[in-house]
Amino acid sequence: MKPEHRPSWKLLSALYPFGAGAMGVNLFFAALIGSWLGWPVLTPWQAAAGGLVIGLPATYAFAWHIVRLMEKAEDA
C-alpha cells in the first residue's frame, strides 16, 4: 500500500528543524564513538553542518511515514 500523496512543503518545513537537529546530535555522538577506532572527532559546528545535510533525507522519510499514517487513519 503506497501513500497517494507526497508530504506537503508545510509538513516538511515543520519537521525539518527537528530532523536536522536529531541528525546533528547523532552525527556528533557517532563521531565520538568513532574516536575509539582512531577516527577524527567532529566539532559541534561540523556535526551541526552535517546534520543540516543529513537531515533532509531523514525528514523526508519521516514525513512520508506521517503521510502514510494519516492516510491509514482516514481509511479506518
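The values are calculated or read from the model by the stated rules, or taken from the named source; none is laboratory data. The structure presented is a predicted model; accordingly, all values stated were derived computationally and were not measured. Methodologically, a virtual Cβ is constructed for each residue, glycine included, from the backbone with ideal geometry; neighbour enumeration extends over all protein chains shown. Heads up: the accessible areas ignore ligands, DNA and RNA and are worked out on the full protein's heavy atoms, side chains in. Shrake-Rupley method; radii C 1.70, N 1.55, O 1.52, S 1.80 Å.
Evaluated with a Cβ-only charge set (Lys, Arg +1; Asp, Glu -1), the chain carries a dipole of roughly 100 debye about its Cα centre, given to the nearest 20. Spin-label pair Asn26-Val41: with each label point 7 Å from Cα along the Cα-Cβ axis, the two points sit 2.3 nm from one another.
Can you give the relative contact order of the chain as a percent, counting alpha carbon pairs under 8 Å and 6+ residues apart? Mind showing how you got there, number by number?
On the way: 73 pairs, mean separation 33.3, N = 76.
Relative contact order comes out at 44 percent.
Prolate is the label for the chain, because the ratio a/c of its alpha-carbon gyration tensor axes (a ≥ b ≥ c) is 1.5 or higher and a/b is greater than b/c.
Got a number for carbon plus sulfur as a percent of the chain's accessible area, 1.4 Å probe? Reported share for carbon and sulfur atoms: 72 percent.
Looking at the chain, the accessible area is 77 square angstrom per residue; that uses a 1.4 Å probe and ignores ligands, DNA and RNA.
Please list Phe28, Phe62 from largest to smallest accessible area, probe radius 1.4 Å, with all protein chains kept in place. Kindly include the intermediate steps, with their values, before the conclusion.
Values: Phe28 55, Phe62 100 Å².
I get Phe62, Phe28, largest accessible area first.
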